[in-house]
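Reading through the structure tokens given below for one structure.
Nothing in this text is a laboratory measurement; each read-out follows from the coordinates by a stated rule. Quick caveat, the model's predicted, so the values are computed rather than measured. Here the Cβ positions follow ideal geometry from the backbone for every residue, glycine too, while neighbour counts run over all protein chains shown.
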């Protein structure tokens with residue numbers, strides 16, 4: 001998908017797919033949501049790349065998996081702003 005559509009369109013397609021992917025569910029069970037496309041789409045510095053529909057769908061999918069989106073996003077932002 002990346003080779004065919006590029007990173008932004010690939011991310012958009014994954015997020016807009018009807019149901020949460022197996023990969024997203026698996027990342028949640030592994031406590032690795034910081035690696036999910038859905039979380040990265042919500043990062044503030046990528047906001048110009050994705051419209052509100054894509055960002056809202058990313059949030060919906062995460063909430064379907066009982067994710068505290070604000071807390072997870074805050075953790076990810078803090079981690080990325082202060083690399084180890």
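Which order, highest average first, do 31-43, 69-81 follow once you tally other Cβ atoms within 10 Å for each residue and take the mean per peptide?
On the way: 31-43: 18.8, 69-81: 13.3.
Put in order of decreasing packing, that is 31-43, 69-81.
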Handout entry: Among (i) 1.04; (ii) 0.95; (iii) 1.15, the entry derived from the coordinates for Cα Rg over 2.2 N^0.38 Å
Key = (i)
Practice task
Quickly rank 23-29, 10-16 as a protection proxy: mean count of other C-beta atoms within 10 Å, highest first.
Solution key: 10-16, 23-29
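Could you work out [θ]222 nm for the chain from helices alone, using -39500 (n - 2.57) per DSSP H run of at least four and dividing by all its residues? Round to the nearest 500 deg cm²/dmol.
Values: 6 runs with 53 residues, N = 84.
Helices in the chain give a 222 nm mean residue ellipticity of -17500 deg cm²/dmol.
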